[in-house]
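Visitor: The structure under discussion is supplied below as structure tokens; questions concerning it will follow.
None of the figures in this text is laboratory data; all of them are computed from the coordinates on show. Since the structure is predicted, the reported quantities are computational estimates derived from the model, not experimental observations. Cβ placement follows ideal geometry from the backbone for every residue including glycine, while neighbour counts extend to all protein chains displayed.
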Amino acid sequence: MIIGTGLDIIEIERIKNSIKKYSPRFEQRVFSSGEINYCQSQGDPAKHFAARFAVKEAVSKCLGTGISGALGFKDMEVIHEESGKPVLKMTGKGKELFQKLQIKTIHISISHDRTHAIAHAIAEQ
């Protein structure tokens, strides 16, 4: 059963500016070390950071918490299956919330073009 859905879109330039202005503090506050390593290994790191930022916002909307004391940016991590499919890994308070709400999985989808990144999340019990 679907218990929530969330969608987020962000301008890649906004994330690029945050990285330029606040690096590395911004990355370390928002992303896991695995996400940072992945994004920095790509040809255009900003669009990959933006996509992961959008996932975290979409998941927080899907769960009805927003980014708050109940769920922080680093309580979620985007990892990849061997096929390349993005998968959400919940940690810390995110894992606790996941268990409390008896969620089976949160499906995510990510896309980006030259200017925007978008993510969709669906929580399933």
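Visitor: So for region 108-117 (the condition being more than 20 Å from S18 (Cα to Cα) and free of Cβ contacts under 8 Å to residues at least 40 places away in the same chain), does at least one residue qualify?
Guide: Scanning region 108-117, I find at least one residue that is more than 20 Å from S18 (Cα to Cα) and free of Cβ contacts under 8 Å to residues at least 40 places away in the same chain, so the answer is yes.
Visitor: Right, another one. Condition check: surrounded by 15 or more Cβ atoms within 10 Å (Cβ to Cβ), over 18 Å from Q99 (Cα atoms), under 14 Å from the mean Cα position of the chain (by Cα) and in contact (Cβ under 8 Å) with a residue 12 or more places away in the chain. Does K16 satisfy that?
Guide: It is false that K16 is surrounded by 15 or more Cβ atoms within 10 Å (Cβ to Cβ), over 18 Å from Q99 (Cα atoms), under 14 Å from the mean Cα position of the chain (by Cα) and in contact (Cβ under 8 Å) with a residue 12 or more places away in the chain.
Visitor: Separate question: If a residue has to be part of a helix (DSSP H, G or I) and surrounded by 13 or more Cβ atoms within 10 Å (Cβ to Cβ) to count, how many in region 29-39 make the cut?
Guide: Of the residues in region 29-39, 6 are part of a helix (DSSP H, G or I) and surrounded by 13 or more Cβ atoms within 10 Å (Cβ to Cβ).
Visitor: Follow-up question, since we're still on this one. Select, from I10, I103, I67, I122, the only residue that is in a loop (DSSP other than H, G, I, E, B), touching a strand residue (DSSP E or B) at 6+ places or on another chain (Cβ under 6 Å) and not charged (D, E, K, R). Reasoning before the result, please.
Guide: Numbers: I10 fails: in a loop (DSSP other than H, G, I, E, B); I67 fails: touching a strand residue (DSSP E or B) at 6+ places or on another chain (Cβ under 6 Å); I122 fails: in a loop (DSSP other than H, G, I, E, B).
None of the other options fit; the residue is I103.
Visitor: Among the listed residues F49, F26, F98, F53, identify the single one that is in a helix (DSSP H, G or I) and either under 20 Å from Q125 (Cβ atoms) or of a type in the set (A, V, I, L, M) (or both). Even if it seems obvious, please write down each step before you answer.
Guide: Numbers: F49 fails: either under 20 Å from Q125 (Cβ atoms) or of a type in the set (A, V, I, L, M) (or both); F26 fails: either under 20 Å from Q125 (Cβ atoms) or of a type in the set (A, V, I, L, M) (or both); F53 fails: either under 20 Å from Q125 (Cβ atoms) or of a type in the set (A, V, I, L, M) (or both).
Matching residue, one of F49, F26, F98, F53: F98.
Visitor: When only residues in region 81-95 that are in a strand (DSSP E or B) and not hydrophobic (A, V, I, L, M, F, W, C) count, which is nearest to E13 (Cα to Cα)?
Guide: P86
Visitor: Could I ask something else about it? Quick check on my filter: what residues within region 37-66 are of a type in the set (V, I, T) and farther than 21 Å from S111 by Cβ?
Guide: T65
Visitor: Regarding V78, is this residue assigned to a strand (DSSP E or B) and either among the aliphatic types (A, V, I, L, M) or in contact with an Asp or Glu (Cβ under 7 Å, 6 or more places away or on another chain) (or both)? Walk me through it before giving the result.
Guide: Details: assigned to a strand (DSSP E or B): yes; either among the aliphatic types (A, V, I, L, M) or in contact with an Asp or Glu (Cβ under 7 Å, 6 or more places away or on another chain) (or both): yes.
Taking the combined requirement at face value, the residue satisfies it.
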